[in-house]
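Please read the structure below before turning to the comments.
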Amino acid sequence: MLFINTRPIDRAEPLTACLRQSGFTVVDLPLLALKPRPYDSTLATLYSKLLTTQCIVVVSPMAVQIGMQYLQQSGLSLAQIQYIQWIAVGKKTAQCLAEFGIASHVPEVESSEGMLSLPIFNSIENIQKIAFWRGKGGRQFMMQQCQERHIDVLNFVLYERLCPPETQIQFSALLNQINQFEPPYWTCISSEASWRNWLALTEKHPHLVDACHYLVLGERLYQLLMHDKNTTQKCFNITQILTLEPKAILHSIVQLQRKL
């Protein structure tokens with residue numbers, strides 16, 4: 001059984017270890033790398049507006065790391081914004097915030113839809129301003145929904161999300177190894193950006209797209225893949241998952257294998 005682990009390098013190891021312990025062959029092929037953006041006047045202006053913000057949504061451990069570094073650089077302290085409610089997209093993000101003494105609300109589903117369904121998000125009275133600590137191109141859906149609710153959005157673009165240059169080289173080298181296994185090949189897709197990078201990577205190998213069974217995070221991403229599948233007349237399988245926890249991913253695969 002082959003699993004193609006497309007998670008970023010700094011997040012891939014727990015999943016790889018969990019699956020290998022259960023007998024999977026795992027190849028690491030990260031589809032996203034995160035590159036910090038420099039602190040500039042735009043970010044300085046955004047940080048100055050945090051004093052009148054009711055909520056901060058932090059989308060990743062990287063966003064915590066850079067966001068806190070630049071918070072200090074801006075001259076603000078956590079004590080000055082201690083009244084703010086924090087939302088962490090994912091348990092790992094919440095753990096990173098906890099290292100700074102911050103308790104956060106965590107959606108059950110680690111996705112945009114999960115964040116929007118949080119009771120805290122719908123119960124903050126008179127919420128007028130919300131900040132997003134995120135990467136370029138990420139969480140557009142969440143911000144759009146906030147704007148439709150007439151909430152002022154502070155858009156902190158803290159890092160770039162890129163397909164690692166070395167991934168193309170790795171992919172070419174891994175093709176022969178991948179083709180030695182019987183389909184389906186299991187893989188996890190956690191964002192639209194990683195899906196688009198996967199399609200670009202496999203453009204000259206369309207059979208590989210069809211040979212995979214995709215575990216996708218959240219309803220919106222599931223619908224995106226279904227749309228692409230139908231419009232391109234592909235025949236790959238898709239299953240929606242609610243979390244990126246390694247044991248939960250393993251459980252999903254085991255349950256699906258029983259149905260095959």
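Would you please report the Å³ per residue occupied by the convex hull of the alpha carbon atoms in segment 160-260? Walk me through the numbers on the way to the answer.
Working: hull volume 12.2 nm³, N = 101.
Output value, Cα hull per residue: 120 Å³.
How many nm separate the modelled label positions at GLN144 and ARG20, each set 7 Å beyond the Cα in the direction of the Cβ?
4.0
Which FRET efficiency value, to the nearest 0.05, is calculated for GLN73 and ASP10 with the Förster distance at 35 angstrom and r the Cβ-Cβ distance? Before the final figure, lay out each step's value.
Details: r = 22 Å, r/R0 = 0.64.
With a Förster radius of 35 Å, E is 0.95.
On full extension of the chain, what length is gained from THR232 through ALA248, given 0.36 nm per residue of separation minus the C-alpha to C-alpha distance?
2.8 nm
Mind pulling the angle between the C-alpha long axis of helix 219-232 and the longest principal axis of the chain? Nearest 10 degrees, somewhere in 0 to 90.
Once rounded, the angle reads 40 degrees.
Calculate how steeply helix 192-201 sits against the longest principal axis of the alpha-carbon atoms of the chain, using the helix alpha-carbon long axis, and give the answer as 0 to 90 degrees to the nearest 10.
Helix 192-201 sits roughly 40 degrees off the main axis of the chain.
Excluding residues fewer than 8 places away in the same chain, name every one of the lysines whose C-alpha is closer than 28 Å to that of LYS129.
LYS35, LYS49, LYS91, LYS92
Normalised radius of gyration for the chain, please: alpha carbon Rg relative to 2.2 N^0.38 Å, two decimal places.
With N residues counted in the chain, Rg over 2.2 N^0.38 Å equals 1.07.
Label-point separation (nm) for GLU99 and ARG258, each offset 7 Å from Cα along Cα-to-Cβ?
3.8
Separation between the SER41 and GLN128 pseudo-spin-labels, each 7 Å from Cα along Cα→Cβ, expressed in nm?
Calculated label separation equals 2.7 nm.
Show that you can apply the helix-only estimate: for the chain, add -39,500 (n - 2.57) for every DSSP H stretch of four or more residues, divide by all residues, and state [θ] at 222 nm to the nearest 500.
Value at 222 nm, helices only, nearest 500: -13500 deg cm²/dmol.
Taken together, the values in this text are just the output of simple stated rules run on the coordinates, not laboratory data. These figures come from a predicted structure and were not determined experimentally. FYI the Cβ positions are ideal-geometry reconstructions off the backbone, even for glycines, and counts take in every protein chain you see.
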